[in-house]
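Chemist: Take this structure, written in structure tokens, and hold onto it; I'll ask about it next.
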Amino acid sequence: MAISYSRLTHLRLAEKFRRSCTSTSSQRPVPVSSQISKIDHKKMMKPEKKEDRVIYELPKVYVEENTTGLALFSSNTNYGIKVIEVMNAIKFTPYGLRQTWDLFQEDKLLRSQIYIKERAEFLGPELATAHFLCFRGGKVRFHGQEDWITQDPDSDMLTSLPKFYVESYKVEAADCSKMTLIYEGLENMKNMENLKWLSLEGCPHIDDWCLDRISGEYGNTLEYLDIRNCHRVTDKGIASLSKMKKLKTLILGGHPEAKNLELVCLMLEDILPEITIRGIVYCDESLLKPSEAKE
Amino acid sequence: MFNRAVTAAQLKPWLKFNYILKNVTFTVRSFCNSCPRYSNKDDEPVKPSILVPEDFQAELDGETYCPPLAQPIKPHVHPIKKSFDLLGITGRNDPKTHNNLYFPRHCDILIIGGGIMGCSIAYWLKQRGHDNGLRVIVVEQDPSYTRASTVLSVGGLRQQFSLPENIEMSLYGAEFLRKSKKLLSGEGLEGPDVQFHPFGYLFLATEKGADQLIANHKLQTSLGAKIQLLSANKLKQKFPWINTDGVELASLGLENEGWFDPWSLLNGFRNKALEMGVEFVKAETVGFETQETIVPEQPGIGDSGCYHKLKRVHVRLHDGDIRTIDFSKCVMAAGAQSGKVSKLAGIGLGTGLLRNALPVEPRKRYVYCFHAPEGPGLDCPLTVDTTGSYFRREGLGGHYVAGKSPTANEEPGVANLDVDYTFFDQQVWPDVALRVPGFENIKLKSAWSGYYDYNTFDQNGVIGIHPYHTNFLFATGFSGHGLQQAPAVGRAIMELVLEGKFLTIDLSRFAFDRVIANQPVFEQNIV
């Protein structure tokens, strides 16, 4: 490609000038967080700046600076592997198609339940959880009230929940039975100070990791937990409920993968002071009755 | 005329080079002597902006010499195939074809070591784009894993580190374990059940170590880990079986911490890698071959020179035969033996950038299993005492597993995996019995030992490319916490190989460069 030296210098200088312009541009204004939210729940602190950490790098022997006009078209990413990824994204076999379909469904579920920081900042954690659960078919009861708040099946709006932060609304009970809650969705249910009653009956996606999250989050306040018919829960998840020291009632049932369930429950009854476990049959009562032959 | 091989870029000296020329071989012949040379010999020396210590500058200025590594050997050809060639029948039996039916003779990426790191890297490399055409071979000496660190590990998963890279890697490890059943499943292949026990880690600190614990806790929570600090009183309330003498502060992991089964994760990675087409070769690495590669002169950058590029590995099969495998990139994931095998590549035997050896050596650690009827019971996290001893519950029958890292002058020999029971009586049991009065009445049931891939430099992983052998990557030296970081390290190596840089977690601080520059990156241990 024939290009004159003066034209090339002009391009180089233009590129340098363009770069220097963008580096001194004014910063965008930082969005002001709502003044209503008073609870300073865990905001992500910025990780320490790179200059503070001593990163030792060998000085580069081959300097790869692009100072030509053609640099505008070059890129640092390797597009070769991306092309192959896109080409091979869907495998057109029965298994592959089913896999792709499952991936789409999971992605849809994840996107519908992802944690939205702005919602929690605006409404406060308790009301944000209430909105999240009621919109997806759950029920919520607040401290001091007797009625369960639920979504009207006909309409899309939640009329009985306030749309702004109100301090007196504290969630005391949450009924999530038969909801399709996933692990990432449980992140919406954090920072509730007074949660005492929780029902996850019939939720198909609840497994040991979700129970770990629940017992880590509500270890100090939960008193009633119902995990009937959560098929993925094993005895390790139920054993991790030993972290909840105030648990009074635990309802089990329908865990095909939980082996040694009776032993775990006996050990839980040793550790947790006020626990009552319902749904567990420790021994067959009929064996305790005297047999017919003796009489 | 032209004083270099003719390629399009060479004819445009004003373009700075944007691609790596090192992997291309040129034959350079000079036709005339009077062409202008664009070298920077007479320019002023460029001072690097990063502070370079003086002894390191001397290393850089000095020449890097790679000693001769292994003699080239002719590839093994089966005698029947040889006779076919003599007869002139070619095709499937042609020795010149790649993909030798009896032994793979070339690959794109060679992974030395088939433990958790090697299998994880193989999985990540192949799962990018399904049939992405990458040919990956894993060379594993012992497919029954009798002496591998992975399967002998206690299997802990924790986020309580003091370096942000370690914390992020463990967080991703937990996320990967949660999704492992789905990710590592395939057609006809069921994903592994990693059997995660979500009971947390409990670190105890004396008065001296409390400040460090608080600083670590701040960093951990800022990166998303859920850790709770407990004072001595709260600790006693939460765990009534503990004796809080000397404990000032404790940190308990609330979420994503516990222990899991390393064998099932290893099998999960390995089976999925096999399903995706990775070849596992049962052989021992015995040597590397290099090839003198000429780096042509680049105007404005430097003169031409030649360097020894790693091209081929020699492996010994179980019957003593030595075969060769050509590779384009090689990943060192050999665990405890990594230092020894890296020496075969010249790392540590040359001068300049090859002077420093990989500081990874095997260190033996014991794990003891005992029965304690009056032990803590169900709510027992993996407790790490102020003395360095640790213990955790094993199963539901009152069994516990304990161990301790010995001090420098008590290091056991690494010749075999025999267990020293006096270490338990003298070092481990007194510590755990002091901390948990219920452990005074115990019965030792069994014990085993395994090797740490111990990084003698700073006890953290070495992850990155070697500065001289630019097609040689490291993923080793994790000194006991490698298992939980394996998914993240596999992904990091995949990014390095396929993209050229780290995309998700920036592990540039863990590169081999820090060994040459003598800048260790220590994990701040709690006292």
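Chemist: Distance between the C-alpha centers of segment A:240-270 and segment A:177-199? Whole Å please.
Modeler: 19
Chemist: On to the next question. Report the gain in length on full extension from A:Leu263 to A:Cys283: 0.36 nm times residue separation, minus Cα-Cα distance, nm rounded to one decimal. Don't jump to the answer; show the numbers that get you there.
Modeler: Working: separation 20, 0.36 × 20 = 7.20 nm, distance 1.15 nm.
That pair, A:Leu263 and A:Cys283, stretches by 6.1 nm at full extension.
Chemist: Something else: What list of ³J(HN,Hα) couplings, whole Hz, do you get for segment B:181-194 from phi and the Karplus terms 6.51, -1.76, 1.60, once you set θ to phi - 60° and write x for glycine and proline?
Modeler: 5, 7, 5, 9, 9, x, 5, x, 10, 8, x, x, 9, 6
Chemist: I'd like the trypsin sites (Lys or Arg not before Pro) in segment A:96-185 restricted to DSSP loop residues with at most 14 other Cβ atoms within 10 Å, sorted by number.
Modeler: Details: sites: A:Arg98, A:Lys108, A:Arg111, A:Lys117, A:Arg119, A:Arg136, A:Lys139, A:Arg141, A:Lys163, A:Lys170, A:Lys178; in loops: A:Arg136, A:Lys163, A:Lys170, A:Lys178.
Here the trypsin sites (Lys or Arg not before Pro) that fit, given the DSSP loop and packing criteria, are A:Lys163.
Chemist: Taking a threshold of 21 Å on the Cα-Cα distance, which of the pairs B:Lys74/B:Lys311; A:Lys117/B:Lys234; A:Lys139/A:Lys163; B:Lys218/B:Lys501 fall above it? All intermediate terms of the calculation are to be shown ahead of the outcome.
Modeler: Working: B:Lys74/B:Lys311 14 Å; A:Lys117/B:Lys234 31 Å; A:Lys139/A:Lys163 17 Å; B:Lys218/B:Lys501 29 Å.
The answer is A:Lys117/B:Lys234; B:Lys218/B:Lys501.
Chemist: Neighbour counts of other C-beta atoms within 10 Å: give me B:Tyr145, A:Tyr115 arranged from fewest to most.
Modeler: Details: B:Tyr145 19, A:Tyr115 15.
Ascending Cβ contact count within 10 Å gives the list A:Tyr115, B:Tyr145.
Chemist: Report, in whole Å, the centroid distance computed from the Cα atoms of segment A:75-94 and segment B:145-192.
Modeler: 26
Chemist: Roughly how many whole Å is it from the C-alpha centroid of segment B:447-520 to that of segment A:204-222?
Modeler: Segment B:447-520 and segment A:204-222 have Cα centres spaced 34 Å from each other.
Chemist: Mind listing which trypsin sites (Lys or Arg not before Pro) in segment B:189-263 are in a DSSP loop and have 15 or fewer other Cβ atoms within 10 Å?
Modeler: Details: sites: B:Lys208, B:Lys218, B:Lys226, B:Lys234, B:Lys236, B:Lys238; in loops: B:Lys208, B:Lys226.
Passing both the DSSP loop test and the Cβ count: B:Lys208.
Chemist: Mind giving me the FRET efficiency for B:Gln195 and B:Lys445? R0 is 25 Å, r the Cβ-Cβ distance, nearest 0.05 is fine.
Modeler: Details: r = 20 Å, r/R0 = 0.81.
The calculated FRET efficiency here is 0.75.
Chemist: Do any trypsin sites (Lys or Arg not before Pro) in segment A:211-295 lie in a DSSP loop with no more than 14 other beta carbon atoms within 10 Å, and if so, which? Intermediate results must be reported in sequence, preceding the final value.
Modeler: On the way: sites: A:Arg213, A:Arg228, A:Arg232, A:Lys236, A:Lys243, A:Lys245, A:Lys246, A:Lys248, A:Lys259, A:Arg278, A:Lys294; in loops: A:Arg228, A:Lys245, A:Lys246, A:Lys248, A:Lys259, A:Lys294.
Here the trypsin sites (Lys or Arg not before Pro) that fit, given the DSSP loop and packing criteria, are A:Lys259, A:Lys294.
Chemist: Work out how much length B:Leu396 to B:Glu523 would gain on full extension: take 0.36 nm times their residue separation and subtract the Cα-Cα distance, in nm to one decimal. Provide the component values of the computation, followed by the final result.
Modeler: Working: separation 127, 0.36 × 127 = 45.72 nm, distance 3.35 nm.
Length gained between B:Leu396 and B:Glu523: 42.4 nm.
Chemist: Using a 10 Å cut-off around each Cβ, can you sort A:Ile280, B:Ile116 from fewest to most neighbouring Cβ atoms?
Modeler: Numbers: A:Ile280 17, B:Ile116 31.
Fewest-to-most ranking of A:Ile280, B:Ile116: A:Ile280, B:Ile116.
Chemist: Test of understanding: ordering B:Phe203, B:Phe424 by Cβ neighbours within 10 Å, fewest first, what list do you get?
Modeler: B:Phe424, B:Phe203
Coordinate-derived values only; no laboratory data. Every value quoted in this text rests on a predicted model; they were computed, and no experiment measured them. Virtual Cβ from ideal backbone geometry, glycine too; neighbours counted across all protein chains shown.
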